[in-house]
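Read the structure below first, then the notes.
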Amino acid sequence: MADMKTRDEVSYRKITFFIALALFAQESTWNFYDNQVPVLLREHVTSAALVGVLMGMDNLLGIFIQPWIGNRSDNTRTRWGRRIPYLAVGMPLGALFFLLLPWTTSLVTLVAVMVCYALVANTMRPLAEALTPDFVPPQRRGRTNAIVKIATSLTIIVASLISLLVVDDHPRAAFVIPAAIMLVVTAVIITKVRDSRSPAYQAAVAEDATAGPDQTKSPLWRVVTELVTSRDRRRVLLLLTVFLFGGAWFASRSLMTPYGMEVLGLTRGEAGGLTLPSGVAYLIAAYPAALAAERFGRLRVILIGIAVFAAALAAGSVVRTPTGTVVLFCAAAMGAAGFLINAAVALWNLAPSSRMLGAYTGLYAVTWYLGGFAGPALVGAAVDLVGWNWMLLDIAVLATLAGVVVIRLARLERVRETTPALSR
C-alpha cells in the first residue's frame with residue numbers, strides 16, 4: 001500500500017510539472033505580447049484608445065473560443081488522447097505567429113497576425129488547463145492548480161527581464177526567446193504526456209460505451225442547457241461568484257494607478273508599483289491555500305479568502321497612506337489566493353461527467369473574463385458618483401456580493417444527500 005501511494009505521489013508530481021511547464025510556455029508569449037505589442041501598434045496608430053481596443057481583442061476572442069475548443073476536445077478520441085493532439089499542433093503554430101509579429105510592415109498585416117496569434121493562443125490555454133482534472137483526482141487538484149498558477153505568475157518576471165535585457169538592442173530577436181520556450185516545451189509535452197492514459201479520458205471512453213447513439217457526443221449547447229436547467233444550482237451560483245469576484249479582482253488591479261495618483265499623491269511610476277508586493281504575497285499564499293482547502297473544505301477556504309480580500313480593501317479606504325495601502329493589498333492578495341486557487345477546482349469537481357471537463361474549463365474562463373470587463377466599469381462608474389477616495393470600498397462591496405453568493409452556495413452544499421463535492 002505504501003509503495004502504491006509513493007508511485008501515485010511521483011505520478012502526480014510529474015504530471016503537475018508538465019502541466020505547469022505547458023502553461024508557463026504559453027503565458028511567456030502572452031505576457032511578452034502584452035508588454036511589447038502595444039509598442040508595435042504605436043508605430044502605426046497614435047490613438048491610445050485604438051491601441052487599447054486592439055490589445056483587448058484577445059480577451060474578446062477568448063470568450064467565444066475557449067468554451068468551444070474545450071467542448072470540442074471533450075468529444076475528441078485519439079490514441080494520443082483528447083487534448084495533446086491539439087496542443088501538438090497549436091503550440092508550434094502559436095510560436096510561429098508570435099515570431100511574425102515584429103516583422104510586420106503595416107497596420108493591416110500586424111492586426112492580421114495579432115488575430116491569428118490570439119485565435120491559436122486562446123485555443124491552447126483551456127486545453128492545457130483541462131489536463132489538471134484529466135489526470136489529477138478531485139482531492140489533489142488544488143495543489144496542482146496552485147503550482148500551475150505560481151508557474152504562470154512567474155512568466156510576468158520572465159517577460160519583464162526579456163524586455164529589460166534584450167528588447168532595446170534586439171527588438172525582433174527578443175521575440176525568439178518566448179517562441180523558443182514554446183517550441184521546446186511542445187517537444188517535451190508530446191514526448192512525455194499522453195492524456196489517453198488519464199483517468200478522466202478512460203472514464204469518458206467508458207461512458208461512451210454505455211451511452212446511447214445520440215449521447216456519445218456532448219455539444220456545447222447541450223452542456224450549457226444542462227447547466228442552466230439542472231435543479232442543482234451550485235454550478236450556476238459558483239459561476240456567478242466567479243463573475244463577481246473576477247470583477248472585484250480586475251478592478252483592484254486596473255484602477256490602482258489612478259487611485260494612487262488621485263488619493264495617495266504618488267507619481268505615475270510610484271502608483272504603478274503599488275501592486276508589486278501584493279503579487280509576491282499571492283505567490284506565497286497560493287500553495288497553502290490549496291492545502292487549507294484539502295483540510296478544511298474548498299468552499300470554506302473560498303469564503304474566508306473573499307472575506308479577507310473585502311475586509312483588507314475596506315480598511316484600505318480608511319488607511320490612505322502608501323505604506324498602509326501596500327500592506328493591506330498584500331493581505332487582500334493572500335485572501336484572493338483562497339479564491340483563485342480553489343474556484344476552478346470546485347467547478348471541475350461539480351462537473352456532471354468526465355466528458356465535460358474541457359467545456360467547464362472554458363466556461364470558467366468566459367465568466368472570469370466577463371467579470372474582468374464588467375468589474376472595472378462598475379467600479380469606475382461608482383468612482384464617478386462618489387469620488388476616488390472610496391474606490392477601495394466600492395471594490396470591497398463587489399467582493400462582498402460574491403461572498404453572499406458563496407454563503408448561499410454553502411447552504412445548498414449542506415443539504416446535498418450525497419457526499420458534498422465542494423468539500424474535496
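When averaged across all projection directions, what area in nm² does the alpha-carbon convex hull of the chain cover?
21.8 nm²
Per residue, how large is the accessible surface of the range 197-356? Use a 1.4 angstrom probe and give square angstrom. Before the final figure, lay out the partial values.
Working: 6860 Å² over 160 residues.
Accessible surface, normalised per residue, equals 43 Å².
Cα centroid distance between the range 282-344 and the range 123-147, in Å?
22 Å
Could you point to the residue in Thr229, Met114, Val185 farthest towards the positive end of the chain's charge dipole, with +1 and -1 charges on the Cβ of Lys/Arg and Asp/Glu respectively?
Going by the Cα projections, it comes out as Thr229.
Run a plain Debye calculation on the range 266-424 (Cα atoms as equal point scatterers, no solvent) and give log10 I(q)/I(0) at q = 0.16, 0.19 Å⁻¹, rounded to two decimals, same order as the q list.
-0.99, -1.29
Hey, what number do you get for the chain at 222 nm if only DSSP H runs of n ≥ 4 count, each worth -39500 (n - 2.57), divided across all residues, to the nearest 500?
Helix-only estimate at 222 nm: -26500 deg cm²/dmol.
For the range 324-333, just list the computed ³J(HN,Hα) in residue order, Karplus coefficients 6.51, -1.76 and 1.60, θ = phi - 60°, integers in Hz, with x standing in for Gly and Pro.
Result, rounded to whole Hz: x, 5, 4, 4, 5, 5, 5, 4, 5, 5.
With every protein chain left in place, what is the accessible area per residue of the range 1-144 in square angstrom, probe 1.4 Å? Don't skip to the end; give the middle numbers.
Working: 6180 Å² over 144 residues.
Dividing the accessible area of the range 1-144 by its residue count gives 43 Å².
Work out the charge dipole of the chain with +1 on the Cβ of Lys and Arg and -1 on the Cβ of Asp and Glu about the Cα centre, then indicate which of Gly338, Val383, Pro322 is farthest towards its positive end.
Projecting each Cα onto the dipole axis, the largest value belongs to Gly338.
Leaving ligands, DNA and RNA out of it, report the carbon-plus-sulfur percent of the accessible area of the chain at a 1.4 Å probe. Before the final figure, lay out the partial values.
Working: 12540 of 18860 Å².
The nonpolar share, carbon plus sulfur, comes to 67 percent.
Give the separation of the Cα centroids, the range 189-203 to the range 20-99, in Å.
A separation of 23 Å, based on Cα centres.
Quick check on packing: order 18-31, 229-242 by the mean number of other C-beta atoms within 10 Å, highest mean leading.
For the peptides 18-31, 229-242, the packing ranking is 18-31, 229-242.
If N is the number of residues in the range 45-151, what value comes out of its Cα radius of gyration divided by 2.2 N^0.38 Å?
With N residues counted in the range 45-151, Rg over 2.2 N^0.38 Å equals 1.27.
List the relative contact order of the chain as a percent without decimals, with contacts defined as Cα pairs under 8 Å and 6+ residues apart.
Computed value for the chain: 24 percent relative contact order.
The values are calculated or read from the model by the stated rules, or taken from the named source; none is laboratory data. Please read all numbers here as calculations on a predicted model, not as lab measurements. Virtual Cβ from ideal backbone geometry, glycine too; neighbours counted across all protein chains shown. These accessible areas exclude ligands, DNA and RNA; they are computed on the full protein's heavy atoms, side chains included. Shrake-Rupley method; radii C 1.70, N 1.55, O 1.52, S 1.80 Å.
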